[in-house]
Amino acid sequence: MKHIVVLTGAGISAESGIKTFRDADGLWEGHDVMEVASPQGFARNPELVLNFYNERRRQLNEVKPNQAHKDLATLENDYKVTIITQNVDDLHERAGSRDVIHLHGELRKIRSTNNENDIKVWEEDLKLGDTCEKGYQLRPHIVWFGEAVPMIEKAVEICYTADILVIIGTSMQVYPAASLIDYVQPNTPIYYIDPKPAMSNNGKVTVIAKSATEGMKDLLSTLK
């Protein structure tokens with residue numbers, strides 16, 4: 001079985017109704033991203049940050065995987081598929097994808113402020129005063145600006161093994177995720193699906209300048 005590695009960004013979730021701050025002058029749901037997505041912002045106003053992610057978590061219950069998510073899941077019928085996503089939602093999993101790596105964390109998980117490896121599934125609102133077993137405040141399991149990306153090394157190893165790389169809905173401007181394209185083998189075909197692609201066609205990259213759902217239709221036809 002050939003191994004398809006898929007790198008996804010906000011563009012694939014946008015079609016399910018999840019907003020992306022990069023479309024609106026650095027604002028995310030009306031907030032400066034550094035207020036709600038940095039350790040400094042959390043230190044200044046933890047209640048604001050907790051409420052922000054509570055809203056995002058509740059929003060997940062109102063959205064569903066779109067056809068692009070579902071099409072990626074169907075690829076598992078014919079290929080080994082690993083999805084490396086920059087998204088913190090669980091739409092890939094809900095669509096049926098079984099091997100998903102979240103580079104930037106997960107909305108439905110929380111962790112101790114004292115131990116980044118003390119991670120729990122969390123479905124309800126997270127409040128000030130919610131603590132781990134050792135008494136430390138719990139925080140969203142999200143990789144904020146300025147923090148290390150713990151899954152990046154595993155993602156690099158997976159990219160080395162790709163027979164095909166598919167990139168969907170990402171500007172390829174957020175590092176270290178954007179560097180993953182550099183770790184596939186030299187002759188690995190790359191398909192890049194994005195309505196405003198940051199790359200152009202060349203001998204290695206095939207650009208599909210469409211939305212995630214429309215682009216996936218083209219990709220499935222190509223791979224058959």
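If you count the DSSP beta bridges with both ends in segment 85-224, what percent of them are antiparallel, to the nearest 5?
Just about 50 percent of them are antiparallel.
Give me the dipole magnitude in Debye, nearest 20, for the chain about the Cα centre, with unit charges on the beta carbon: positive for Lys and Arg, negative for Asp and Glu.
Computed charge dipole of the chain: roughly 340 debye.
Order the following by accessible area, largest value first: K217, K134, K224. Probe radius 1.4 Å; ligands, DNA and RNA are ignored.
Largest accessible area first, the residues go K224, K134, K217.
On average, how much area does the Cα convex hull of segment 99-214 cover when viewed from any direction, in nm²?
Its Cα hull, projected and averaged over all orientations, spans 9.0 nm².
If we sort 6-13, 70-77 on the protection proxy, mean other Cβ atoms within 10 Å, highest first, what's the order?
6-13, 70-77
Quick check on the chain: what are the equivalent-ellipsoid semi-axes from the Cα gyration tensor, as sqrt(5λ), descending, whole Å?
So the equivalent ellipsoid measures 31, 18, 17 Å along its semi-axes.
Tell me, what is the per residue accessible area of the chain in Å², probe radius 1.4 Å?
It amounts to 50 Å² per residue over the chain.
Counting pairs of alpha carbon atoms under 8 Å apart in space and at least six apart in sequence, what relative contact order in percent does segment 40-120 give?
23 percent
Mind telling me which of T82, T161, T170 comes out most flexible in a GNM of the chain, alpha-carbon contacts under 10 Å?
T161
Please report, as a whole percent, how much of the solvent-accessible surface of the chain comes from carbon and sulfur atoms (probe radius 1.4 Å).
Summing carbon and sulfur atoms, their accessible area is 47 percent of the total for the chain.
Using only alpha carbon positions, build the gyration tensor of segment 43-160, then give the equivalent ellipsoid semi-axes as the square roots of 5 times its eigenvalues, largest first, whole angstrom.
Equivalent ellipsoid semi-axes, largest first: 28, 17, 11 Å.
Probe radius 1.4 Å, ligands and nucleic acids left out: which of M172, M199, M1, M216 has the largest accessible area, and how do the rest follow?
M1, M199, M172, M216
Quick check on the chain: helices-only [θ] at 222 nm, where DSSP H runs of length 4 and up contribute -39,500 (n - 2.57) each and the sum goes over total residues. Nearest 500, please.
For the chain, the value works out to -7500 deg cm²/dmol.
Counting only residues 5 or more places away or on other chains, whose amide H sits under 5 Å from the amide H of V6 once H atoms are built in the peptide plane?
T82, I83, I84, V166
Can you pull the accessible area of F42 for me, 1.4 Å probe, Å² to the nearest 10?
30 Å²
Sort K80, K19 from largest to smallest accessible area, using a 1.4 Å probe on the heavy atoms of the protein chains.
K19, K80
The values are calculated or read from the model by the stated rules, or taken from the named source; none is laboratory data. Fair warning: this is a prediction, and the values are worked out from it, not measured in the lab. Quick reminder, even Gly has a Cβ in these numbers, built from the backbone with ideal geometry, and neighbours come from all protein chains shown. Areas reflect the complete protein model, heavy atoms only, side chains present, ligands, DNA and RNA absent. Shrake-Rupley method; radii C 1.70, N 1.55, O 1.52, S 1.80 Å.
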